[in-house]
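Chemist: One structure, pasted below without further comment.
The values are calculated or read from the model by the stated rules, or taken from the named source; none is laboratory data. As the structure is a prediction and not an experimental result, all values here were calculated from the model. Ideal geometry is used to build each Cβ from the backbone, glycine not excepted, and the neighbour counts take in all protein chains shown.
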Amino acid sequence: FNGSKGHIAHADAVASNDDRRIASSEQVPKKKKVVLLGTGWGGMSFLKSLNNTNFEVQVVSPRNFFVFTPLLPSVTCGKVEARSIVEPIRNIIRKKNVNISYSEAECVKIDPNNKKIYCRATIDSHSKGEEVFAVDYDYLIIAVGAQVNTFNTPGVMENCHFLKEIDDAQKIRKNVIDSFEKASLPNLSDEERKKILHFVVVGGGPTGVEFAAELHDFVNEDVVKLYPNVQDLVKITLLEATDHILNMFDKRITNFAEQKFGRDGIDVKLGSMVTGINENEISTKVRGNGEKTSTPYGMALWSTGIGPRPLIKEFMKQIGQGNRRALATDEWLRVEGFGNIYALGDCATVNQRKVMEDISEIFRKADKDNSGTLTVKEFQEIIDDICERYPQVELYLQNKQVRNMVDLLKEAKGDAAKESMELNIEEFKSALSEVDSQMKNLPATAQVANQQGAYLAKCFNRMEECEKNPEGPPRFRGTGRHRFHPFRYRHLGQFAPLGGEQTAAQLPGDWVSIGHSEQWLWYSVYASKQVSWRTRALVVSDWIRRFIFGRDTSG
Ligand code: FAD
Ligand code: MG
Ligand code: MG
Ligand code: MG
Ligand code: MG
């Protein structure tokens with residue numbers, strides 16, 4: 001044999017087998033095994049973009065389909081069918097030339113020292129679903145998402161609906177329709193009917209707001225025709241603990257949404273904290289004066305945010321990330337401290353490198369002639385690398401509305417700038433001193449997970465090439481050798497559907513617009529973002545069907 005050491009060792013291990021087998025395993029080097037946890041936005045996007053046939057991929061996820069989550073709220077009231085927004089993972093795998101297998105199971109433990117994970121099959125049948133099996137990996141990609149966060153509020157788990165998975169949306173839909181049927185039964189007092197038809201949404205984020213809007217539209221467009229006797233008894237309440245709904249959006253959108261909901265008769269209660277909920281009543285406390293109230297309700301949706309899954313909590317403890325809310329990775333999406341474990345999406349957070357930590361090194365590298373000062377020319381040569389490695393710099397420039405870094409430096413130098421544009425290290429530091437304050441955690445959105453999955457696939461696609469040639473940007477490496485440019489999020493804007501065929505859009509550059517044409521923009525963006533032509537066709541035909549025939553209220 002003239003193979004490498006690794007191959008000889010492998011041949012030794014199988015020496016007891018016949019020569020032909022050894023020869024064949026010699027010719028085909030063993031593929032590196034990538035194990036991917038999760039078939040949500042992060043996982044699906046990784047799979048779709050991966051095309052390096054030198055890897056063998058095993059996907060482990062309790063869900064054998066991908067869910068297009070932005071349309072989940074549309075499923076709750078029958079605007080879109082559940083089937084239309086899911087894509088079987090095997091449909092996605094089938095189209096790939098990469099060797100990918102799938103196991104319907106959940107990972108229950110990660111053992112990074114032995115490069116193994118432990119899984120439990122989740123297929124709920126008479127089969128032995130409780131058995132745990134181990135899977136080896138060379139690279140592990142964690143994209144398990146997050147779970148709902150009840151903040152340990154008593155009664156939430158037992159009495160509230162959530163909107164995270166396709167089952168949740170279907171349950172909500174059934175429950176909404178059941179509520180109208182129940183309230184239409186004879187022998188009920190108006191009080192009882194009112195209680196049944198009191199819908200409470202907890203949490204004024206995008207999901208809660210969209211659900212409230214969907215429900216309101218449903219009542220106005222369909223209930224009026226189908227349940228005319230009870231339509232006046234319907235009440236929708238939106239409880240938000242902070243001072244405003246849609247906090248992550250521009251003020252103009254927040255204001256518009258609050259006013260529109262006011263006109264629509266949706267009761268938005270701001271500064272209202274839920275302290276507990278039982279079968280019949282929801283208890284709240286007003287922030288500030290501490291006034292407590294309990295209100296009878298029929299159905300409640302809890303959508304106040306997310307927290308880490310038990311698997312991730314446990315893993316963080318194991319690797320000394322103790323009390324974090326998400327797994328910390330570097331900008332190459334590698335879990336801190338591990339070269340072969342990656343994490344992305346809602347379960348992870350990117351720890352961005354601070355400029356100030358590396359400021360002396362940056363200065364030294366930029367100061368090519370070792371003069372102890374930077375000239376404009378020296379500086380300009382390094383600007384692109386700085387912006388690439390430290391995206392916060394560009395953000396800072398944008399926010400200060402300074403065209404480029406040279407302007408920023410001039411500012412730092414003050415009047416002295418007129419005489420010479422050479423900077424010493426102190427002036428350089430002061431120019432960049434506030435840059436790091438621009439660093440923000442990336443939001444837990446499909447947009448982020450989707451971009452991260454595609455980015456990571458690109459890294460894997462170019463793995464060999466990059467291993468041979470680890471140079472290339474960035475020149476400032478915080479730690480170790482990096483093979484690929486760091487992950488960079490590009491915000492494409494976000495929507496907030498507000499009901500009545502009106503949507504608020506906030507596009508990059510804080511371009512805000514609200515109205516009916518934005519609703520059409522929303523339709524076209526979400527149609528184009530579908531992962532397959534099949535789901536695209538289904539979603540669009542659902543929309544058309546609803547326009548013509550209204551919502552389907554069987555359930
Ligand atoms: P997920 O998409 O949640 O996927 C996690 C995957 O991991 C799932 O397949 C799950 O089954 C699997 N899994 C769970 N546990 C395990 C385990 N132990 N082992 C193996 N696999 C496991 N974002 C936007 O950008 N725009 C929107 O309009 C938008 N609307 C939304 C509306 C709703 C109702 C919701 C709930 C979310 C919305 N989001 C939106 C957020 C977006 O869905 C998430 O940020 C995104 O799904 C995160 O992707 P992920 O891959 O990290 O996790
Ligand atoms: Mg995923
Ligand atoms: Mg998903
Ligand atoms: Mg994240
Ligand atoms: Mg110099």
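Chemist: Would you say residue 264 is within 18 Å of residue 518 (Cβ to Cβ), of a type outside the set (A, V, I, L, M, F, W, C) and out of contact with any helix residue (DSSP H, G or I) (no Cβ under 8 Å at 6 or more places or on another chain)?
Modeler: No; evaluated as a whole, the condition is false for this residue.
Chemist: Okay, moving on. Can you pull out the residues in segment 185-237 that are acidic (Asp, Glu) and without any contact (Cβ under 8 Å) to a residue 24 or more places away in the chain? Steps first, please.
Modeler: The initial filter retains those residues of segment 185-237 that are acidic (Asp, Glu), namely 190-192, 210, 214, 217, 221-222, 232.
Hits for segment 185-237 are 191, 192, 232.
Results for (1) crowded, with 18+ Cβ neighbours inside 10 Å; (2) out of contact with any Cys (no Cβ under 6 Å at 6 or more places or on another chain); (3) within 13 Å of residue 209 (Cα to Cα), shown as yes or no for each residue.
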position	(1), (2), (3)
235	yes, yes, no
239	yes, yes, yes
243	no, yes, no
266	yes, yes, yes
274	yes, yes, no
278	no, yes, no
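Chemist: Okay, next question. Step by step: first the residues of segment 267-312, then only those that are acidic (Asp, Glu) and touching a helix residue (DSSP H, G or I) at 6+ places or on another chain (Cβ under 9 Å), then the one that is nearest to residue 445 (Cα to Cα). Which residue is that?
Modeler: 267
Every residue, every condition in (1) within 13 Å of ligand 3 (Cβ to nearest atom); (2) in a strand (DSSP E or B); (3) surrounded by 15 or more Cβ atoms within 10 Å (Cβ to Cβ); (4) modelled with pLDDT under 95, yes or no:
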position	(1), (2), (3), (4)
33	no, yes, yes, no
45	yes, no, yes, no
108	no, yes, no, no
114	no, no, no, no
117	no, yes, yes, no
124	no, no, no, yes
129	no, no, no, yes
135	no, yes, yes, no
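Chemist: Considering each residue of segment 344-358, count those that are outside any loop (DSSP other than H, G, I, E, B), of a type outside the set (Gly, Ala, Ser) and closer than 24 Å to residue 453 by Cα, and give that number.
Modeler: 4
Chemist: Quick test for you: out of 295, 349, pick the one residue that is within 23 Å of residue 456 (Cα to Cα) and among the β-branched types (Val, Ile, Thr).
Modeler: 349
Chemist: I'd like to check something: does segment 253-272 contain any residue that is polar (S, T, N, Q) and in contact (Cβ under 8 Å) with a residue 40 or more places away in the chain? Can you show your working first?
Modeler: So the first thing to find is which residues in segment 253-272 are polar (S, T, N, Q), and the list is 254-255, 259, 272.
The next check asks that each one be in contact (Cβ under 8 Å) with a residue 40 or more places away in the chain; those that pass are none.
There is no residue in segment 253-272 that is polar (S, T, N, Q) and in contact (Cβ under 8 Å) with a residue 40 or more places away in the chain.
Chemist: Could I ask something else about it? I need the full set of residues from segment 372-410 which are without any contact (Cβ under 8 Å) to a residue 24 or more places away in the chain and outside any helix (DSSP H, G or I), in order please.
Modeler: Listed by number, the residues that qualify are 401, 402, 403, 404.
Chemist: Could you list all residues from segment 437-459 that are within 11 Å of ligand 1 (Cβ to nearest atom), of a type in the set (S, T, N, Q) and part of a helix (DSSP H, G or I)?
Modeler: Within segment 437-459, 447, 450, 451, 452 qualify.
Chemist: Please work out which residue is farthest from residue 441 (Cα to Cα), limiting yourself to segment 324-339 and to residues that are outside any loop (DSSP other than H, G, I, E, B) and without any contact (Cβ under 8 Å) to a residue 60 or more places away in the chain.
Modeler: Checked segment 324-339; the qualifying residue farthest from residue 441 (Cα to Cα) is 334.
Chemist: Then there is this: Got a sec? Which of 247, 229 is more than 21 Å from residue 78 (Cβ to Cβ) and of a type outside the set (Ser, Thr, Tyr)?
Modeler: Only one candidate qualifies: 247.
Chemist: Which of the following residues is modelled with pLDDT of 90 or more and either among the small types (Gly, Ala, Ser) or away from ligand 2 (no atom under 15 Å from the Cβ) (or both): 431, 417, 454?
Modeler: Answer to the check: 454.
Chemist: Go through (1) under 21 Å from residue 436 (Cα atoms); (2) over 23 Å from the mean Cα position of the chain (by Cα); (3) surrounded by fewer than 22 Cβ atoms within 10 Å (Cβ to Cβ) for residue 349 and report which single condition fails.
Modeler: (2)
Chemist: On to the next question. Out of the strands (runs of 3 or more DSSP E) lying entirely within segment 47-88, which hold 3 or more residues that are within 15 Å of ligand 3 (Cβ to nearest atom)?
Modeler: Values: elements: 55-61, 65-67, 86-88.
Those strands (runs of 3 or more DSSP E) span 65-67, 86-88.
Chemist: Collect the residues in segment 414-430 that are surrounded by 19 or more Cβ atoms within 10 Å (Cβ to Cβ) and either within 16 Å of ligand 1 (Cβ to nearest atom) or part of a helix (DSSP H, G or I) (or both), keeping them in residue-number order.
Modeler: Answer for segment 414-430, where residues must be surrounded by 19 or more Cβ atoms within 10 Å (Cβ to Cβ) and either within 16 Å of ligand 1 (Cβ to nearest atom) or part of a helix (DSSP H, G or I) (or both): just 428.
Chemist: Filter segment 460-475 down to the residues that are outside any helix (DSSP H, G or I) and modelled with pLDDT under 70 and list them by number.
Modeler: 469, 470, 471, 472, 473, 474, 475
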